[in-house]
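> Before we start, here is the structure in question, set down as structure tokens.
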Amino acid sequence: MKMKDFNISMTQYGKGDIITGTIVMIGQKEVVVSLGGLKEGVFDKSELDPAFKLGDAILVMVTGEIDDKGCLVVHHKGVNKALEDKEKLKSLKVGSELSFTVNSINTSGLLGEFMGYRVFLPFSQCAPADYVNRNTLLSREISAIVIELDNIKKSIVCSTKLMHNAQNEPVEIGQVLSGSVIKLEDKYALVLLSNGAKAKLSITDASYQHIKSLKDALELNHEYQFKVLDFNQDFSRISVGLKQLKQNPLDEIFNTLSLNDEVEGEVVKILPVGAVIKLDNGLTAMAITKENSDRANVATHHIYKLNSRVKGYISNLNNETKKINIITKKITNQ
């Protein structure tokens, strides 16, 4: 076996690997580093900082190529940036920021690469400024926000539209903003708002109707209108809602009710203070224990049974909180 072939067969480093070598020769045009065992790497002397000398340890990045002497072709220049990118890759997720160089353009958008991932920026996700002259985009470095990430296929879809919006502008409770769903789970969704801030949507704030999963009600990367419900002082936690932009259909039913109206429903929860009744009209009422018994300190479960049907009349209506109290029986000795 020739030495060149032997060196190649012993090489276990892959393209993009960053390894530590020892400088064993500094020539007029190239620098040779020992990579351990019989492996040697070589890079152009122009990449070497004058502060390095023979015997020094140095970080190099494998190109995946072999020169005519059987040495691995490596680079020293750009290693620090590559290390930074590797750290970014560890924390890469939907909503992360990244930079990539455009290496091709097709009819749908811009293509590039980030640490072995194929990056796609659709024209639909480009900021308006990017449409001025598409020909100037080739070889341009672009900063964008990840809106889709597939670690298996190693592909990324990103957006500069979100990147170019004002970042983390203050919001107000009650403010209505557009936003794109960037993460979708059963019970919550993460949203990138049009002002660049991230917000959380809970399933309880998505619809007045009962839904088992947000995945049945929303689409990933689709844009919706959201209402700001709450936030903390530095806007790192923002809560938004969808249903708050619509009229609650139960409010209309509530407005038809009056004191002493007869109602009927089912006991759905037993609490120390009373029973929660799901009325047949869709509203929820409370039967306060002490108001439905003339005996002091009686337990709620002594009056009501879970899933049982009860009838009664409305004793209290609170128009602000939409709370209803009912009396389900005349007060008698228990």
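> Pick from segment 108-127 the residues that are among the hydroxyl-bearing types (Ser, Thr, Tyr) and under 22 Å from the mean Cα position of the chain (by Cα): which of them is surrounded by the most Cβ atoms within 10 Å (Cβ to Cβ)?
Out of the qualifying residues, it is 117.
> Scan the strands (runs of 3 or more DSSP E) fully inside segment 14-55 and keep the ones with 2 or more residues being in contact (Cβ under 8 Å) with a residue 12 or more places away in the chain and within 20 Å of residue 85 (Cβ to Cβ). Explain how you work it out, then say what you get.
Working: elements: 18-26, 30-36, 39-44.
Counting at least 2 such residues, we get 18-26.
> With respect to residue 191, is the statement that it is among the β-branched types (Val, Ile, Thr) and either under 23 Å from residue 149 (Cα atoms) or surrounded by fewer than 16 Cβ atoms within 10 Å (Cβ to Cβ) (or both) true? Talk me through it step by step, then tell me what you get.
Numbers: among the β-branched types (Val, Ile, Thr): yes; either under 23 Å from residue 149 (Cα atoms) or surrounded by fewer than 16 Cβ atoms within 10 Å (Cβ to Cβ) (or both): yes.
Yes; evaluated as a whole, the condition is true for this residue.
> Can you name the number of the only condition in (1) of a type outside the set (Lys, Arg); (2) assigned by TED's automatic domain parsing to the domain that holds residue 149; (3) modelled with pLDDT of 90 or more that residue 56 fails?
(2)
> Out of curiosity, is residue 271 modelled with pLDDT of 90 or more, surrounded by fewer than 15 Cβ atoms within 10 Å (Cβ to Cβ) and in contact with a strand residue (DSSP E or B) (Cβ under 9 Å, 6 or more places away or on another chain)? Give the derivation first.
Details: modelled with pLDDT of 90 or more: yes; surrounded by fewer than 15 Cβ atoms within 10 Å (Cβ to Cβ): yes; in contact with a strand residue (DSSP E or B) (Cβ under 9 Å, 6 or more places away or on another chain): yes.
Yes: the conditions hold for residue 271.
> Residues in segment 67-97 that are in a loop (DSSP other than H, G, I, E, B) and more than 26 Å from the chain's Cα centre (by Cα): how many? Step through it out loud before you land on a result.
The initial filter retains those residues of segment 67-97 that are in a loop (DSSP other than H, G, I, E, B), namely 67-71, 76-78, 91-96.
Next cut, more than 26 Å from the chain's Cα centre (by Cα) only: 67-71, 76-78.
Number of matching residues: 8.
> Oh, and also: Identify, from the list 22, 63, the residue that is within 29 Å of residue 144 (Cα to Cα) and either surrounded by 15 or more Cβ atoms within 10 Å (Cβ to Cβ) or modelled with pLDDT of 90 or more (or both).
Working: 22 fails: within 29 Å of residue 144 (Cα to Cα).
Going through 22, 63 in turn, the sole match is 63.
> Taking segment 184-209 only, how many residues are aromatic (Phe, Trp, Tyr) and part of a strand (DSSP E or B)? Full working, then the answer.
Kept after step one, since they are aromatic (Phe, Trp, Tyr), are these residues of segment 184-209: 188, 208.
Next cut, part of a strand (DSSP E or B) only: 188.
Total meeting the criteria: 1.
> Let me ask something else about it. If you take the residues in segment 295-307 that are surrounded by 11 or more Cβ atoms within 10 Å (Cβ to Cβ) and under 19 Å from residue 264 (Cα atoms), which one is farthest from the chain's Cα centre (by Cα)?
The qualifying residue farthest from the chain's Cα centre (by Cα) is 303.
> Right, another one. Out of curiosity, is residue 105 aliphatic (A, V, I, L, M), surrounded by 15 or more Cβ atoms within 10 Å (Cβ to Cβ) and within 30 Å of residue 32 (Cβ to Cβ)? Step through it out loud before you land on a result.
On the way: aliphatic (A, V, I, L, M): yes; surrounded by 15 or more Cβ atoms within 10 Å (Cβ to Cβ): yes; within 30 Å of residue 32 (Cβ to Cβ): no.
Answer is no for this residue.
> Let me ask you something else. If residue 125 satisfies every condition in (1) assigned by TED's automatic domain parsing to the domain that holds residue 146; (2) polar (S, T, N, Q); (3) modelled with pLDDT of 90 or more but one, which is the exception?
So residue 125 meets the others, but not (3).
> What number of residues in segment 194-231 are farther than 21 Å from residue 147 by Cβ, in contact with a strand residue (DSSP E or B) (Cβ under 8 Å, 6 or more places away or on another chain) and at pLDDT below 90?
2
> Separate question: Could you grab me the full set of residues in segment 56-84 that are among the polar types (S, T, N, Q) and without any contact (Cβ under 8 Å) to a residue 24 or more places away in the chain? First the steps, then the outcome.
As a first pass, look at segment 56-84 and keep what is among the polar types (S, T, N, Q): 63, 80.
80 - this is the single residue of segment 56-84 that is among the polar types (S, T, N, Q) and without any contact (Cβ under 8 Å) to a residue 24 or more places away in the chain.
> Check segment 244-255 and report whether any residue there is of a type outside the set (Val, Ile, Thr) and more than 25 Å from residue 207 (Cβ to Cβ).
Taking segment 244-255 first, the residues of a type outside the set (Val, Ile, Thr) are 244-252, 254-255.
Adding the requirement that they be more than 25 Å from residue 207 (Cβ to Cβ) leaves none.
Within segment 244-255, not a single residue is of a type outside the set (Val, Ile, Thr) and more than 25 Å from residue 207 (Cβ to Cβ).
> Examine segment 234-244 for a residue that is touching a Pro at 6+ places or on another chain (Cβ under 9 Å), within 29 Å of residue 174 (Cβ to Cβ) and surrounded by 15 or more Cβ atoms within 10 Å (Cβ to Cβ), and state whether such a residue exists. Spell out how you get there, then give the answer.
Keep residues of segment 234-244 that are touching a Pro at 6+ places or on another chain (Cβ under 9 Å), which gives 235.
Next, from what is left, pick out any that are within 29 Å of residue 174 (Cβ to Cβ): 235.
Remaining after also requiring surrounded by 15 or more Cβ atoms within 10 Å (Cβ to Cβ): 235.
The answer is yes, given that some residue of segment 234-244 is touching a Pro at 6+ places or on another chain (Cβ under 9 Å), within 29 Å of residue 174 (Cβ to Cβ) and surrounded by 15 or more Cβ atoms within 10 Å (Cβ to Cβ).
> Additional query: Can you tell me how many residues within segment 187-202 are farther than 9 Å from residue 241 by Cα and without any contact (Cβ under 8 Å) to a residue 60 or more places away in the chain? Please lay out each step first, then the result.
Residues of segment 187-202 that are farther than 9 Å from residue 241 by Cα, as a first pass: 187-199.
Then drop every residue that is not without any contact (Cβ under 8 Å) to a residue 60 or more places away in the chain, which leaves 187-189, 191, 193-197, 199.
Adding up the residues that qualify gives 10.
> When only residues in segment 35-44 that are over 43 Å from the mean Cα position of the chain (by Cα) and farther than 13 Å from residue 61 by Cα count, which is surrounded by the most Cβ atoms within 10 Å (Cβ to Cβ)?
Pass one, segment 35-44, residues over 43 Å from the mean Cα position of the chain (by Cα): 37-40.
Of the ones still in play, those that are also farther than 13 Å from residue 61 by Cα are 37-39.
On the way: 37: 10, 38: 12, 39: 19.
So, considering only residues that are over 43 Å from the mean Cα position of the chain (by Cα) and farther than 13 Å from residue 61 by Cα, the one surrounded by the most Cβ atoms within 10 Å (Cβ to Cβ) is 39.
> Output the number of residues of segment 98-109 satisfying the condition of being hydroxyl-bearing (Ser, Thr, Tyr) and either outside any loop (DSSP other than H, G, I, E, B) or on the phi > 0 side of the Ramachandran plot (or both).
Residues that pass the stated criteria total 3.
The values are calculated or read from the model by the stated rules, or taken from the named source; none is laboratory data. Please read these numbers as outputs of a predicted model, since none were measured by experiment. Cβ: placed from backbone, ideal geometry, glycine included. Neighbour counts: every protein chain shown.
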